[in-house]
Amino acid sequence: MKKLFLALPFILFGAAQAQHSVVLKTGEKITGVVMQLQEDVLMVYINRSPREIMLRDVSSIFFDEYIPYDGSFSSDAPVKRMRSADGEYTIEYQVVDREMIKAPRLSNATQKKGVVVVEFVVNRAGTVLKTTAGVTGSTTSDEYLLTKAEFACMGAKFKEHPKGPLETTGTIIIQY
């Protein structure tokens with residue numbers, strides 16, 4: 001155990017030239033250079049300014065972490081298609097580096113028609129956290145169709161992406 005503590009300053013000093021990401025338990029992500037760990041206090045330099053962080057507040061530390069993008073929506077992402085969970089509708093979705101593994105279950109108890117575009121936020125585990133129906137590209141403002149689409153898209157599930165951004169934004173296009 002003593003050898004680990006003696007080696008730690010050398011490991012941290014050797015890695016000091018690299019960028020590090022410290023994720024706090026609050027979800028905040030701090031990018032800087034980890035310089036020291038002493039008496040349960042982590043010393044991180046952010047833009048050459050020191051910041052002390054109590055180790056109890058740290059969730060994870062990543063060394064030389066590479067994330068290909070920040071999770072924001074990109075219209076360059078390919079449009080993918082699949083059948084809705086009930087098999088009645090074909091949906092299209094657009095999101096970077098993610099694959100839908102469970103489609104939303106859609107229904108329409110009316111004769112109303114239109115295209116509803118739902119913007120969604122998915123976490124690394126593939127769970128949809130938030131949906132907003134009626135964004136740019138929708139051809140209807142019918143409250144019934146918007147509400148049904150938004151609720152249904154909360155039930156979509158995506159393949160897990162452990163090294164991706166904490167949250168990724170995409171769209172699901174439903175044609176009623």
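The values are calculated or read from the model by the stated rules, or taken from the named source; none is laboratory data. Model, not experiment: these values are computed from the prediction. Every residue, glycine among them, receives a Cβ derived from its backbone with ideal geometry; neighbour counts consider all protein chains shown.
Can you tell me how many residues within the range 117-164 are within 11 Å of V95 (Cβ to Cβ) and at pLDDT below 95? Selection size over the range 117-164: 2. Within the range 74-98, residues that are under 18 Å from K159 (Cα atoms) sit with their Cβ atoms under 9 Å from residues that are among the aromatic types (F, W, Y) and surrounded by fewer than 15 Cβ atoms within 10 Å (Cβ to Cβ), at 6+ positions apart or across chains, in these pairs: V96/Y69; D97/Y69. Selection over the range 40-71 of residues that are under 30 Å from E119 (Cβ atoms) and either modelled with pLDDT of 90 or more or part of a strand (DSSP E or B) (or both) gives a count of 3.
Where in the range 86-176 are there strands (runs of 3 or more DSSP E), lying fully within it, with 2 or more residues that are surrounded by 19 or more Cβ atoms within 10 Å (Cβ to Cβ)?
By residue number, 90-94, 115-123, 128-133, 167-175.
Every condition in (1) modelled with pLDDT of 95 or more; (2) in contact with a Phe, Trp or Tyr (Cβ under 6 Å, 6 or more places away or on another chain) is met by L106 except one, and the failing one is (1). In the set G114, G126, G164, G155, only one residue is in contact with a Pro (Cβ under 9 Å, 6 or more places away or on another chain), touching a residue at least 12 places away in the same chain (Cβ under 8 Å) and closer than 22 Å to D86 by Cβ; that residue is G155. Exactly one of these conditions fails for V96: (1) modelled with pLDDT under 95; (2) closer than 20 Å to G27 by Cβ. Give me its number. Evaluating V96 over (1) modelled with pLDDT under 95; (2) closer than 20 Å to G27 by Cβ leaves (2) as the failure. Checked against (1) touching a residue at least 40 places away in the same chain (Cβ under 8 Å); (2) on the phi > 0 side of the Ramachandran plot; (3) outside the structural domain of G164 (by TED's automatic domain parsing), D40 passes all but condition (1). Does L37 qualify as being at pLDDT below 90, part of a helix (DSSP H, G or I) and more than 25 Å from E167 (Cα to Cα)? No, not satisfied.
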